[in-house]
Every structure is written in structure tokens, then in C-alpha cells.
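*Asks:* Below are the C-alpha cells for one structure; questions will follow.
The values are calculated or read from the model by the stated rules, or taken from the named source; none is laboratory data. Since we're looking at a predicted model, the values are computed, not measured. In this analysis, Cβ positions are derived from the backbone assuming ideal geometry, glycine residues included, and neighbour counts consider all displayed protein chains. Ligands, DNA and RNA are excluded from the accessible area calculation, which covers all protein heavy atoms including side chains. Shrake-Rupley method; radii C 1.70, N 1.55, O 1.52, S 1.80 Å.
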Amino acid sequence: MKIFTPYCFICMKNPLFRIFFLPAFFLTVLILINSCKKSSTATSSSVTVPVVITNGTIINVTSTTAQSGGVVTGFGNASVLANGVCYSATNSTPTIADGKTTDPIVPQNYLYPPFTSKLTGLKPNTTYYVRAYVTNSAGTGYGSVIKFTTGLTLTSLVATVTTFAGNGAPGYTDGTGVGAAFNSPQGIAVDAQGNLFVADSYNHCIRKITPAGVVTTFAGSQTLGHQDGPAATAQFYAPKGLAFDSQGNLFVADYGNNLIRKITPAGIVSTYAGNGTAGLVDGSTASLIEFNGPAGVALDAAGNLYIADRGNNVVRKVTPAGAVSVLAGTNSTTRIPGYVDATDLLAAFHYPNSLVVDASANVYVVDQINAAIRKITTPAGVTTTLAGGPSQSTLFNIPAGIAIDAQNNFYITDETGRVIEYTSANVIYILAGSANVSGFVNGSGASAQFNSPQGIAVDANGNIYVADQGNNCIRKITVAITN
């Protein structure tokens, strides 16, 4: 019996081809020919207005200038003719008929090409509405509107950087100011009395610094290990994140041990959560709980502890009763990193590194590889992006640490060499340092230099402290407004 192969169906000698395929083939050709006789209306109608997203933050606002921008997410099947931002002090939905910038046209071979715009000639103490625009042959597409206010006579914020403790060389010395020595300080926290506590990672200790700069060892024996008990004999393994609760207990993300440790005000160390095995196991049985490189910790007013479980790419929650669960991020066994704004386990992170909690129990996470600050509502676990992200990666570059003050302003360290303020009004200021510049220089603004800054904290007086990891010291930043 003859068996037809797929090739036989396209053979002119095959009767089945002549019976079934040829009529359909010629019908298709006729349709195509007929279509070609029509005008190009169909092609033209496929061109649509481009889609653009306005940057959610305004950068370095002064009395007369600001910086905004946008990200093109759809070109509308046509070349971009113009892009920039439009702005107005009177029109709450500005268009290109109002004030606008015209920026260089972004290359269209990128998936989400961003652009930035410098707004100049603004009026002091004036509220402006701004949004990104992109124009092609079909028209102009606009992003969402962002509102900001220029300063009254503000010309700049001056952030002055000094060395608070440590001498720049790795070591272990208790002392005062530059007479002390650290080895790769990471996390940092401030207690109610204004004392600083530092996770001295490579010394496997928790150090304490008084407001006068006197450094002592609060807990840890410089021996790598896992030992609970009195502070002087306790052992840690590369501790990282730190956070205080309302009773003065200090919680430690014991990174190398895959544990969460607790230190009472009297200096007694205990294991709060985790069994030391790297993994992701939730529940209420302490001996079964597993973390994977916990990097950051923060507490809300109810005593719930939130953990940036870096190795698992999730954010975990521990109730005061000790029940551990995933607040946001996938809890699958693969724990694949990603970047997804969603609810609960549908959200995705890539190396969450540190976090803080505001007065409303919202959790803000430094999503390091995604170059974003993410917001998680509680208890629902709805994750959104506050600022940054893969399409705006240069906004924060490699964010590492985050702190929040009483006015809900955020302070963020960028490992490439900057300290950034993100205000409650969605305005970003580069307080000190420069991106991709490493060094050990005290001074003001961009003249100051850091070397892989990590943890950050702000005290009740507005002083900012930075764990300058590569320089093995703690830096202090004071901010003043010049007119």
C-alpha cells in the first residue's frame, strides 16, 4: 500500500493536491491580489498613538529647575517624531501646547527605552503638573500626571559627609571615633536614645556607638558560629540587617547562619526564627522554619517582623506568636527571581536586600537587582513599585539599604557610591556621592565619596548614618538648605 508522506501533499502529480490544495491556493492569491489593489488605508490604520509612562519621581527640585522623564512602552508601529515632558502650573493635564521639553529621540531597538528631561525656568514656590509625551505620525501619547512644588528660594540641599567612627582600615578595635576599627560593616540601626548599632559583618559582632562616637562591642565574640546566651560569648555568622522593636529588643538578620536572632536590652542573645538550614519552610514550629540568606529585618507597631529573605527572593513575615509565612513573592521550590507587581505569592523580586515599615504597616523593600523600591501593603501583600525598576535602573543603580524618617522620607544607599533621598512628595535628591565613583573622601554633595555603602539609618534629629562597607567605617551626613 502506498503511503503519502507530507511531501506528497505538495507534489503537483498528487491528485489530492490538485483536488484540495490548488483551489484554496488560487483563492488565496486572488484575495491577496485584490487586497493589493486597495489603498494603503489598512496599513495606515495599524499605526497607533504611542504609549509612554511618566517617571514616578521628580529629581533634584530647586526653585527654578527639576528633572523628569518617561519610558516608552509602545511605539505604535511608527517612528517617534518627538518625546519629552510637558508641564504647566495652571493646567492639571498638561499637553504639548503648554510648556514642554524636547529630548533626543530614544533608540527604538530597546524594549523599554527611557528618557530624561531637564525642566528650567520654573517659578519659585509654584506647584507644577508634568507628564511625559511621545509623538508619532498617529498623534501624541501622554503618561500619567505627576505633581510637584518648587522651593521658595531653595537653590540646593547641601549634605555634608564626615567620618563618625572607624579609620578606613579593616580591623577590630573598640575606641572613640576614628580610633575604632570595623571590618565590612553592613546593617545599622538607631535606638530610642540615639545610639547606633552596627552589624560588623566580618568581625561577626554587633557593635554599639554612642552619640559621642564611643564604640564598644554589644554582642558577639568575633568567632564565626551559632551560639546563643550572654552577649560576650554569643556567636554570629556575617550578621547583616538590624532593627529594634518598641521594647528595645534588637533583631538581627544572621545572614550566614540563615537565622533571625534576638538580643534583649540586657544583652541576652537567642534564636528567634529559623533552624539554620538554607531553604524556604513556613509554619509555627521553630525547629522546621528555614530561611536562605536573610538580609534585612524591620518591625511594625504590632510586633510583626518582616524579613528580606534574599536567597529565596521573597519577603517573609513572623508574627509575635512565631508563625512564619511568605508575605510577598513566590514560595515555589524553584524560587526563580523576577520583577512582577502583583498580590501575595504572584509578586516577584530579585534579591530583596533590606526593608523598612511605615506607621501604616506598609513594607518598603530594596529590590536590589531590579534597581527598585517596592511597596507591599499589609496584610494583603499587594506589591507595587514605588520608584525605579529595570526600565529606570540608573535611578538607584544598585540600591542596598533603606531608612525612613518620621515624615515618611526615605534614605537609600546606592552601592555604586551614592546616598539618595526620596521624599514623601515623590522627589529624589542625590544627597552625597556620585554614581560609579568609589573612594574615601569627606565633603559636601558630589565631592564626598563612599565605597559600597550598605546600611543606612536616620536619628530623631535628622542625622543620617551610613555603613560604608568598603571603607570599614560609619559615615555621618548632615543636611542643610541653602538659599
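*Asks:* Test residue 73 against the criterion of being touching a residue at least 12 places away in the same chain (Cβ under 8 Å), part of a strand (DSSP E or B) and of a type in the set (Val, Ile, Thr), and give yes or no.
*Replies:* On the way: touching a residue at least 12 places away in the same chain (Cβ under 8 Å): yes; part of a strand (DSSP E or B): yes; of a type in the set (Val, Ile, Thr): yes.
Yes; evaluated as a whole, the condition is true for this residue.
*Asks:* Using the structure shown, decide if residue 353 is touching a His at 6+ places or on another chain (Cβ under 6 Å) and closer than 20 Å to residue 204 by Cα. Write out each step before concluding.
*Replies:* Values: touching a His at 6+ places or on another chain (Cβ under 6 Å): no; closer than 20 Å to residue 204 by Cα: yes.
No.
*Asks:* Looking at segment 166-205, which of its residues are under 24 Å from residue 412 (Cβ atoms) and without any contact (Cβ under 8 Å) to a residue 40 or more places away in the chain?
*Replies:* 195, 200, 202
*Asks:* Looking at segment 134-164, which of the residues that are in a strand (DSSP E or B) and among the polar types (S, T, N, Q) is modelled with the lowest pLDDT? Break it down stepwise before answering.
*Replies:* Step one: filter segment 134-164 for residues in a strand (DSSP E or B), giving 134-136, 139-142, 146-149, 156-164.
Filter once more, so that each one left must be among the polar types (S, T, N, Q): 135-136, 140, 149, 156, 160, 162-163.
Details: 135: 95, 136: 93, 140: 97, 149: 88, 156: 62, 160: 96, 162: 98, 163: 98.
Within segment 134-164, the match that is modelled with the lowest pLDDT is 156.
*Asks:* Next question, about the same structure. When only residues in segment 206-237 that are in contact (Cβ under 8 Å) with a residue 40 or more places away in the chain and among the aliphatic types (A, V, I, L, M) count, which is farthest from residue 465 (Cα to Cα)?
*Replies:* Here the answer is 219.
*Asks:* Name, by its number, the condition in (1) at negative phi; (2) open to solvent by 10 Å² or more (accessible area, probe 1.4 Å) that does not hold for residue 475.
*Replies:* (2)
*Asks:* Does segment 431-471 hold any residues that are open to solvent by less than 10 Å² (accessible area, probe 1.4 Å) and at positive phi, and which are they?
*Replies:* Across segment 431-471, the qualifying residue is only 433.
Table: residues versus (1) on the phi > 0 side of the Ramachandran plot; (2) not aromatic (Phe, Trp, Tyr).
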residue: 248; (1), (2): yes, yes
residue: 257; (1), (2): no, yes
residue: 264; (1), (2): no, yes
residue: 268; (1), (2): no, yes
residue: 277; (1), (2): no, yes
residue: 286; (1), (2): no, yes
residue: 291; (1), (2): no, no
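*Asks:* Considering segment 286-315 alone, what residues qualify as being crowded, with 24+ Cβ neighbours inside 10 Å and of a type in the set (Asp, Glu)?
*Replies:* Scanning segment 286-315 gives a single hit, 309.
*Asks:* Moving on to the next point. Hey, could you check segment 106-132 for residues that are buried (at least 17 other Cβ atoms within 10 Å of the Cβ) and part of a loop (DSSP other than H, G, I, E, B) and say which is modelled with the highest pLDDT?
*Replies:* The initial filter retains those residues of segment 106-132 that are buried (at least 17 other Cβ atoms within 10 Å of the Cβ), namely 106, 113-117, 119, 122, 128-132.
Next, from what is left, pick out any that are part of a loop (DSSP other than H, G, I, E, B): 106, 113, 122.
Numbers: 106: 69, 113: 65, 122: 93.
So, considering only residues that are buried (at least 17 other Cβ atoms within 10 Å of the Cβ) and part of a loop (DSSP other than H, G, I, E, B), the one modelled with the highest pLDDT is 122.
*Asks:* Residues of segment 281-314 being out of contact with any helix residue (DSSP H, G or I) (no Cβ under 7 Å at 6 or more places or on another chain) and either of a type in the set (S, T, N, Q) or farther than 22 Å from residue 378 by Cβ (or both), which ones?
*Replies:* 284, 285, 286, 287, 288, 290, 304, 311, 312, 313
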